[in-house]
1. Of the residues that sit in the range 55-82 and are at pLDDT below 90 and of a type in the set (S, T, N, Q), which one is nearest to Tyr24 (Cα to Cα)?
2. Scan the range 57-77 for residues that are under 18 Å from Asn21 (Cβ atoms) and surrounded by 16 or more Cβ atoms within 10 Å (Cβ to Cβ) and report the count.
3. Only residues that are among the aliphatic types (A, V, I, L, M) and surrounded by 14 or more Cβ atoms within 10 Å (Cβ to Cβ): list them for the range 31-53, please.
Amino acid sequence: MLVALLDAPGKPILQYGHADNVKYIRFSEDGRLIASAGQDGMVRVWDIEAGRELSRFAYKDQVLALRFSPDGNRVTAIARNGQVGIWPIAYDDPATEACRGLKRNLTPEEWHQYLSSQSYRKTCTTAQP
């Protein structure tokens, strides 16, 4: 559990939700966000005031370091296997971002797993059927 000394010392502000130990945390420069990296290879970004997770990213190995961009819109993570990623904290449209990263449409099964609150649609105009 991540704990911060804000209004109530020792009061938990977030349930971190990692499958294994948290190995690294980093606050954004303005103190509004916190990123956590677990031994499970997951990076999670949290809005402290709202007490909710904003985004998460998966790595195949333990993440060793995190850093927020100066504007607080991206987080950089470096994994033990050398994998480096610069991730936006929020997406305007997750389906469009999936298309940009995968270079193909999500399958109906993938859509249901990650975007179940939205009706399935093809989002990649240049993807192969």
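The values are calculated or read from the model by the stated rules, or taken from the named source; none is laboratory data. Nothing here was measured: the structure is a model prediction, and the numbers come from that model. Virtual Cβ from ideal backbone geometry, glycine too; neighbours counted across all protein chains shown.
1. Checking each candidate, the answer is Gln62.
2. Count: 6.
3. Of everything in the range 31-53, those that are among the aliphatic types (A, V, I, L, M) and surrounded by 14 or more Cβ atoms within 10 Å (Cβ to Cβ) turn out to be Leu33, Ile34, Ala35, Ala37, Met42, Val43, Val45, Ile48.
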